[in-house]
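Trainee: Quick one: structure below, then a few questions.
The values are calculated or read from the model by the stated rules, or taken from the named source; none is laboratory data. What you are looking at is a predicted structure, and each value in this text was computed from that prediction instead of being measured. Cβ placement follows ideal geometry from the backbone for every residue including glycine, while neighbour counts extend to all protein chains displayed. Note: areas computed on protein heavy atoms with side chains; ligands, DNA, RNA excluded. Shrake-Rupley method; radii C 1.70, N 1.55, O 1.52, S 1.80 Å.
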Amino acid sequence: MMKPANGQTIIQSFEQFSPKSYAVEGDKIGLQIGTLNKKVSKVMVALDVLEPVVDEAVEKEVDLIIAHHPIIFKPLKALRTDSAYGRTIEKLIKHDITVYAAHTNLDVTPGGVNDMMAEAIGLQDVDVLVETVNDPLKKLVVFVPEDQAGEVREAIGEAGAGHIGNYSHCSFNSKGMGAFKPGDGADPFIGAQGEMEYVDEVKIESVFHESIEKKVLNAMKKAHPYEEVAYDLYEMASPGKVHGLGRIGYLDQALSLDDFVQRIKKAFDVKGVRVVGEGDRQVKKVAVLGGDGNKYTSAALFKGADVYVTGDLYYHVAHDAMMEGLAMVDPGHNVEKIMKEGVRRKIKEFVDKNNYSTEVLVSTVHTDPFRFM
């Protein structure tokens with residue numbers, strides 16, 4: 001019989017996709033309200049945690065909300081339940097609804113908000129716009145009995161070790177002789193207490209990015225037959241993988257700015273946008289950054305973008321861009337709603353793979369405070 005997943009298990013899986021270490025310094029991410037130490041029958045993915053969203057969660061008997069925008073962003077000086085904000089938190093606590101926030105870490109992570117936006121626009125040859133995280137390379141060296149080497153190689157490969165370019169499960173293997181003497185209290189897989197044992201072993205070497213170290217080591221230990229696993233970890237001189245905010249890439253063919261705007265409106269399901277630049281100018285190289293990307297306009301200019309797509313555009317930032325010849329399209333902050341379906345798919349993949357009964361929903365409440373007249 002299928003059982004619901006534990007909240008902690010769900011979030012551990014999610015953080016393998018969107019590590020907390022990817023968040024910018026000071027960002028309010030992670031568990032914000034409630035506990036993850038409980039069974040979760042229903043998860044709801046939301047952009048914002050507003051009172052109508054919480055009412056929806058109560059009605060649908062949701063146990064956990066995974067949101068992009070933190071409900072608690074500034075330190076609380078008071079919590080008054082006669083205010084909308086206070087009522088919202090009160091309802092969450094009364095109905096035992098846990099709130100977990102993934103903000104800039106979800107923006108930065110590969111496959112996260114900014115990649116979702118770049119894909120929706122149809123960008124090709126996509127790269128990071130603003131570098132914020134360097135995920136260094138490490139090497140795992142582990143010694144395994146020859147007969148079990150294949151199982152350990154497969155386990156660490158599935159955990160993400162050995163990914164080099166378009167290749168996965170890469171490793172170097174060399175044979176040798178392992179020697180050990182099990183002591184009192186040992187329960188050896190091979191050999192007997194107090195007797196010297198010699199075993200044909202394979203030394204497996206494989207590289208991985210530091211952000212998945214825990215996952216790789218857990219997979220190795222689970223697959224390894226020995227109760228005490230002999231392994232080494234090395235820091236690599238090779239450059240790590242760079243992650244960051246925003247994306248920059250190319251359209252399959254140049255468009256007029258006016259035609260590009262129509263693509264943006266369709267891609268993000270918005271009725272109107274704010275535009276800087278003449279409608280007939282040609283654009284091909286596109287920078288995009290979800291949310292408020294004003295302070296990264298210079299990065300879009302530096303990397304040679306023809307047009308920069310971001311939200312909450314300031315008047316004087318638009319002036320500066322216009323004078324520098326950079327077109328801009330502001331579809332609003334709420335277009336980050338694209339994350340709801342993307343995160344739902346990620347959580348659903350985990351639930352289905354592990355045969356949990358947990359249901360994964362998307363909030364249907366419209367949280368954009370603006371409307372076009």
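Trainee: Six or more apart or on different chains, Cβ atoms under 7 Å: show the pairs whose first residue is in segment 30-58 and on the phi > 0 side of the Ramachandran plot and whose second is open to solvent by 10 Å² or more (accessible area, probe 1.4 Å).
Mentor: Pairs that qualify, where the first residue is on the phi > 0 side of the Ramachandran plot and the partner is open to solvent by 10 Å² or more (accessible area, probe 1.4 Å), are 30/20; 34/96.
Trainee: Among the numbered conditions (1) more than 25 Å from residue 212 (Cα to Cα); (2) open to solvent by less than 10 Å² (accessible area, probe 1.4 Å), tell me where residue 41 comes up short.
Mentor: Looking at each condition in turn, residue 41 falls short on (2).
Trainee: Also, I was wondering about something else. Residues in segment 1-29 that are open to solvent by less than 40 Å² (accessible area, probe 1.4 Å) and of a type in the set (A, V, I, L, M): how many?
Mentor: Residues that pass the stated criteria total 5.
Trainee: So, one more: Scan segment 86-103 for residues that are touching a residue at least 24 places away in the same chain (Cβ under 8 Å), out of contact with any helix residue (DSSP H, G or I) (no Cβ under 8 Å at 6 or more places or on another chain) and open to solvent by 70 Å² or more (accessible area, probe 1.4 Å) and jot them down.
Mentor: Looking only at segment 86-103, we keep the residues that are touching a residue at least 24 places away in the same chain (Cβ under 8 Å), and these are 87-89, 91-93, 95-103.
Right, trim to out of contact with any helix residue (DSSP H, G or I) (no Cβ under 8 Å at 6 or more places or on another chain) and you get 89, 93, 96, 101, 103.
Within segment 86-103, 93, 96 qualify.
Trainee: Output the number of the condition that residue 363 fails; it satisfies all remaining conditions of (1) open to solvent by 40 Å² or more (accessible area, probe 1.4 Å); (2) more than 16 Å from residue 116 (Cβ to Cβ); (3) not basic (Lys, Arg).
Mentor: (1)
Trainee: Which of the residues spanning segment 161-183 are open to solvent by 50 Å² or more (accessible area, probe 1.4 Å) and either hydrophobic (A, V, I, L, M, F, W, C) or modelled with pLDDT under 85 (or both)?
Mentor: Of everything in segment 161-183, those that are open to solvent by 50 Å² or more (accessible area, probe 1.4 Å) and either hydrophobic (A, V, I, L, M, F, W, C) or modelled with pLDDT under 85 (or both) turn out to be 164, 165, 172, 177, 179, 180.
Trainee: Within the set of pairs 6+ apart or on separate chains, which have a first residue in segment 340-351 that is closer than 16 Å to residue 117 by Cβ and among the β-branched types (Val, Ile, Thr), a second that is open to solvent by less than 10 Å² (accessible area, probe 1.4 Å) and assigned to a helix (DSSP H, G or I), and C-beta atoms under 8 Å apart?
Mentor: If the second residue must be open to solvent by less than 10 Å² (accessible area, probe 1.4 Å) and assigned to a helix (DSSP H, G or I), the pairs left are 343/14; 343/106.
Trainee: Taking the criterion of being part of a strand (DSSP E or B), of a type outside the set (S, T, N, Q), closer than 28 Å to residue 27 by Cα and open to solvent by 10 Å² or more (accessible area, probe 1.4 Å), would at least one residue in segment 194-209 satisfy it?
Mentor: If we filter segment 194-209 for residues that are part of a strand (DSSP E or B), which is where we start, we get 197-209.
Okay, now just the ones that are also of a type outside the set (S, T, N, Q), so 197-205, 207-209.
Now drop any that are not closer than 28 Å to residue 27 by Cα, which leaves 208-209.
If we keep only those that are open to solvent by 10 Å² or more (accessible area, probe 1.4 Å) as well, we get 209.
Within segment 194-209, one or more residues are part of a strand (DSSP E or B), of a type outside the set (S, T, N, Q), closer than 28 Å to residue 27 by Cα and open to solvent by 10 Å² or more (accessible area, probe 1.4 Å).
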